[in-house]
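Below is one structure; the comments refer to it alone.
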Amino acid sequence: MLIYGAGGQAKVVASILSARGERVIGVFDDHWQDVEWSGPCVPATYSPLLMRNEQLIIAIGNNFTRRQIAGKIVHSFGTAIHPTATIDRSVRLGEGLVVVHRAVIQVDSCIGDHVIVNTAAIVDHECVVGNFAHVGPGAILCGGVQVSECTLIGAGSVVLPGVKVGKECVVGAGSVVLWDVPDYTKVAGNPAKIIH
């Protein structure tokens, strides 16, 4: 597997792949000169000609950067799902997905492309998580929640059943979201209120 990115998220992805018995055979990073990578591969600038038959995961936490990079990748995308994650067999999973240790994704949910479901996050039944979204560590999406493209659900947040969170939103860490959140909005608090 190839990894694009050599920061903290890339180390998590490498750890997931190792737990699955897979090897990282190449690491790409746009700023590889500034990176301290401890794995067996030396980071290099992305090239569509290198290891063309290998799958790639964009291992960058920033949703917007992940989306931008995905548009220039020629390689096919793999997934990194930790063996301790619990995912119901009815769940539809996109490409480039990263599901971290002890995350749970319940029945009839749909997870888009290049989504991060972080450590111990819970995505309950019939949720829809859009492309390039990030469900932070310990966050909980109750049943029927919809999270749109490039939205960040902060660590430890709770989104109540049936709530819709728009695209390119930020839900602050530890928030409790009771009502729908419009596109391009930042909310925080308990109950969550618009802050930007």
Inset, instruction - For the stretch 3-11, indicate whether the set of residues that are in a loop (DSSP other than H, G, I, E, B), touching a Phe, Trp or Tyr at 6+ places or on another chain (Cβ under 6 Å) and either of a type in the set (Ser, Thr, Tyr) or not assigned by TED's automatic domain parsing to the domain that holds Asn131 (or both) is non-empty. - result: yes
Legend entry - Subset of the stretch 85-121 (residues that are surrounded by 18 or more Cβ atoms within 10 Å (Cβ to Cβ), under 18 Å from Asn62 (Cα atoms) and either without any contact (Cβ under 8 Å) to a residue 24 or more places away in the chain or aliphatic (A, V, I, L, M) (or both)): Leu97, Val98, Val99, Val100, Ile111, Val115, Ile116, Val117, Thr119, Ala121
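Can you tell me how many residues within the stretch 58-81 are touching a residue at least 40 places away in the same chain (Cβ under 8 Å) and closer than 17 Å to Val129 by Cβ? Don't jump to the end; show me each part of the working.
If we filter the stretch 58-81 for residues that are touching a residue at least 40 places away in the same chain (Cβ under 8 Å), which is where we start, we get 58-61, 63-64, 66-67, 69-70, 73, 75, 78, 80-81.
Right, trim to closer than 17 Å to Val129 by Cβ and you get 58, 61, 63-64, 66-67, 70, 80-81.
Matching residues across the stretch 58-81 total 9.
Pull up the stretch 122-152, narrow it to residues that are of a type in the set (Gly, Ala, Ser) and surrounded by 24 or more Cβ atoms within 10 Å (Cβ to Cβ), then point me to the one that is nearest to Thr84 (Cα to Cα).
Ala139
Per-residue answers, yes or no, for (1) under 27 Å from Val123 (Cα atoms); (2) surrounded by 20 or more Cβ atoms within 10 Å (Cβ to Cβ); (3) within 20 Å of the chain's Cα centre (by Cα):
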| site | (1), (2), (3) |
| --- | --- |
| Tyr4 | yes, yes, yes |
| Ala19 | yes, no, yes |
| Val27 | no, yes, yes |
| Thr45 | no, no, no |
| Leu50 | no, no, no |
| Asn53 | no, no, no |
| Lys72 | no, no, yes |
| Pro83 | yes, no, yes |
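The values are calculated or read from the model by the stated rules, or taken from the named source; none is laboratory data. None of the values given here were measured: they were computed from a predicted structure. For neighbour counting, all protein chains shown are included, and Cβ atoms are generated from backbone atoms with ideal geometry for every residue, glycine included.
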